[in-house]
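The values are calculated or read from the model by the stated rules, or taken from the named source; none is laboratory data. No experiment lies behind these values; they were computed from the predicted model shown. A quick note on method: Cβ atoms are made from the backbone with ideal geometry, for glycine too, and the neighbour counts reach across all protein chains shown.
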Amino acid sequence: AKGGITLAIANELGIPVKLIGVGEGLEDLRPFDPTDFATALLDET
């Protein structure tokens with residue numbers, strides 16, 4: 001799954017997204033960048 005639910009949950013609860021996971025460990029957390037997230041979400045490759 002691409003993770004689009006993240007934005008719906010953030011919107012519903014009014015909680016800003018600060019970090020996004022790109023793997024399974026704590027070292028895989030990255031600062032959330034809305035532009036990068038939207039680009040990756042819509043990328044068809």
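Looking across segment 35-45, the residues that are exposed (fewer than 12 other Cβ atoms within 10 Å of the Cβ) and modelled with pLDDT under 90 come down to 39, 42, 43, 44, 45. Which members of the chain meet the condition of being outside any strand (DSSP E or B) and in contact with an Asp or Glu (Cβ under 8 Å, 6 or more places away or on another chain)? Residue satisfying the conditions is 22 alone. Residues that are over 14 Å from residue 34 (Cα atoms) and small (Gly, Ala, Ser) were ranked within segment 1-19; the one that is modelled with the lowest pLDDT is 1.
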